[in-house]
Structures are given as structure tokens and as C-alpha cells.
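Take a look at this one; I'll ask things after.
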Amino acid sequence: MQRLRELSRRVEAVYGEIAETFNNYQQRQGLQCRSGCGECCLAPTIEATVLEMLPLALYLFDQGKAEQTLAQLEQLTEPQGCFFYQKLSFDGKQGQCSVYQQRPSICRMFGAGGYRDKTGQTSLSACKTIKLDNPGKYQQSLIMLQSEPPPLMMLSKEQVNELDYQLGNNHYGINTALQLALEQVLFKASYSFEQTDQQIA
Ligand code: SF4
């Protein structure tokens, strides 16, 4: 369990850097998310590794909510948006994250970020709402790709996942990744309790 906690602290340290890097870029370019928008969280295609969900899994464990959350996640039958997204509008497009401090890497890059295109050049990915809200700033950001390149999303994810090859190797739907992370935490916790019991005996 101690190893998982240490690993989680290292993941969280990288998360701080990722959030700052992407926030800075999006603010400089005027490409921030629309206030209260939760369309990314609604998408059933968000992916994360087990490692990326480890801080959240440990947080839930410390809150005494690990078993209950695991049981709820096991009830989910089809790909759907994030379990932790709270819808605040009828169509679900307005909402909020209920685990904002523990959200995984991908959520810290929502909105606008860089990727390598087929030719290996840095390109800009921005969500359709941001493009609609800020067409001029989006165009300007494309013009400035060389002088003001966006941070690369893939590199940031690698920065996290290289901390543990095994837990950071495979990507799953965000709800499945959390389910697997909770299973890891609960398994390690029960193993730690057994060891403590044996030492006392
Ligand atoms: S963890 Fe939070 S920010 Fe990330 S997809 Fe879920 S609700 Fe959205």
C-alpha cells in the first residue's frame, strides 16, 4: 500500500505541472473552456490508464467510499460519460466535476492542446465549442503554431505513465480505469491488513 501511495504522490506532482502548462497556454491564446461546460465529461470516449486514476482511487479509499464506488461502477453496462460528472442542465452539457482535485491527466488538458500530425508536425486540437466561441483566437493560434506551440498532450500523458510501466501501459474507458484502480487499492489494502494481523499474532 505504501508503494501505491508513493506512486500516487509522484503522479499528483506531475498533474500539477500538466494543469499549469495547459492553463497557461490556453489563457495566453484565449482558448479557455466555456464556463460550466461539461461536454468533454459526457463523452463515452474519454480514456485513462489505471495509474492516472490512482490518486482518485486512493482518495475514495481514504474517504471510506472505495467499495461502494466499485459496486456502482460494476453496475454500469454500456460505454457512457464519466461517473463523476454531475449534470446541471437538462441536456447534460452544463455540469461539474465532483472530483476536480483528483481528476486524471486527460481532464487537465481539456479544451485545447497540441498533437503531432501524420507528418510529425505539431498541430492544434481545440474543442468545437471553443472554436465557436473564439474563432479569431483559434485562427491566430494556428498562425502562431511555430512561435507559440501548444503543449503536446501525448508527452504529458507519457510523463505520468512512465512512472509505472505496468499500471500506465494500457488505456481504458475512464470508468473502467477507475474500477481497475480501485481493485488494485482494495487488494493492496487487504494484503497490508493481513500482514499486520500476522505480525500481531
Ligand atoms: S474526472 Fe471530472 S473532469 Fe474528468 S471526465 Fe470525470 S467529471 Fe469530467
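Here, each number is a calculation from the coordinates, and none is a lab measurement. None of these values were measured; they are calculated from a predicted model. Cβ sites come from the backbone with ideal geometry, for glycine too, and all protein chains shown count toward neighbours.
Work through the residues other than Glu162 whose Cβ is under 14 Å from its Cβ and net out their charges, Lys, Arg +1 and Asp, Glu -1. Could the numbers behind the result be given before it?
Details: positive: Arg10, Lys157; negative: Glu17, Glu52, Glu158, Asp164.
Summing Lys and Arg as +1 and Asp and Glu as -1 gives -2.
Count the net charge of all other residues whose Cβ sits under 15 Å from the Cβ of Ala126, scoring Lys and Arg as +1 and Asp and Glu as -1.
Local net charge: +1.
Round to the nearest 10 and give me the degree value, 0 to 90, for the angle of helix 2-29's Cα axis relative to the longest principal axis of the chain.
The two axes meet at around 10 degrees.
How big is the antiparallel share of DSSP beta bridges in the chain, given as a percent to the nearest 5? Numbers along the way, then the final one.
Numbers: 12 of 13 bridges.
So the antiparallel bridges in the chain amount to around 90 percent.
If you put +1 on each Lys and Arg Cβ and -1 on each Asp and Glu Cβ, how big is the dipole of the chain around its Cα centre, in Debye rounded to 20? Write out the running numbers ahead of the final one.
On the way: 18 positive and 21 negative charges, 146 e Å.
Roughly 700 debye for the chain.
Using Cα atoms only, what is the angle between the long axis of helix 66-75 and the major principal axis of the chain, expressed in degrees (0 to 90) to the nearest 10?
Approximately 60 degrees, to the nearest ten.
Then there is this: Within the range 145-185, name every residue whose backbone N is under 19 Å away from a label modeled 7 Å from Cα of Glu78 along the Cβ vector.
Correct set: 173-176.
Work through the residues other than Gln184 whose Cβ is under 13 Å from its Cβ and net out their charges, Lys, Arg +1 and Asp, Glu -1.
On the way: positive: Arg3, Arg5, Lys188; negative: Glu52, Asp164, Glu183.
Its environment carries a net charge of 0.
Compute the angle between helix 174-200 and the longest alpha-carbon principal axis of the chain, please, reported from 0 to 90 degrees and rounded to the nearest 10.
Helix 174-200 sits at roughly 30 degrees to that axis.
Less than 18 Å apart at the alpha-carbon level, and either on another chain or at least 8 residues along: which aspartates and glutamates does that give for Lys137?
Glu148
Name the residue from Met53, Ala126, Cys82 whose Cα lies farthest towards the positive end of the charge dipole of the range 46-155, charges +1 on Cβ of Lys and Arg and -1 on Cβ of Asp and Glu.
Selected residue: Ala126.
Mind grabbing the base-10 log of I(q)/I(0) for the chain at q = 0.09, 0.11, 0.12, 0.19 Å⁻¹? Debye formula, identical points on the C-alpha positions, no solvent, two decimal places.
Ignoring solvent entirely, the Cα scatterers give -0.39, -0.56, -0.66, -1.38.
Dipole of the chain (Lys/Arg Cβ +1, Asp/Glu Cβ -1, origin at the Cα centre): which of Ser98, Val185, Tyr165 lies farthest to the positive side?
Ser98
What 222 nm value per residue comes from the helices of the chain, counting each DSSP H run with n ≥ 4 as -39,500 (n - 2.57) and dividing by all residues, nearest 500 deg cm²/dmol?
Working: 8 runs with 102 residues, N = 201.
After summing the helix terms and dividing by the residues of the chain, the value is -16000 deg cm²/dmol.
Which links in Lys131/Lys157; Lys128/Lys188; Lys128/Lys157 stretch past 32 Å when you go from one Cα to the other?
Values: Lys131/Lys157 24 Å; Lys128/Lys188 42 Å; Lys128/Lys157 22 Å.
Among Lys131/Lys157; Lys128/Lys188; Lys128/Lys157, the Cα-Cα distance tops 32 Å for Lys128/Lys188.
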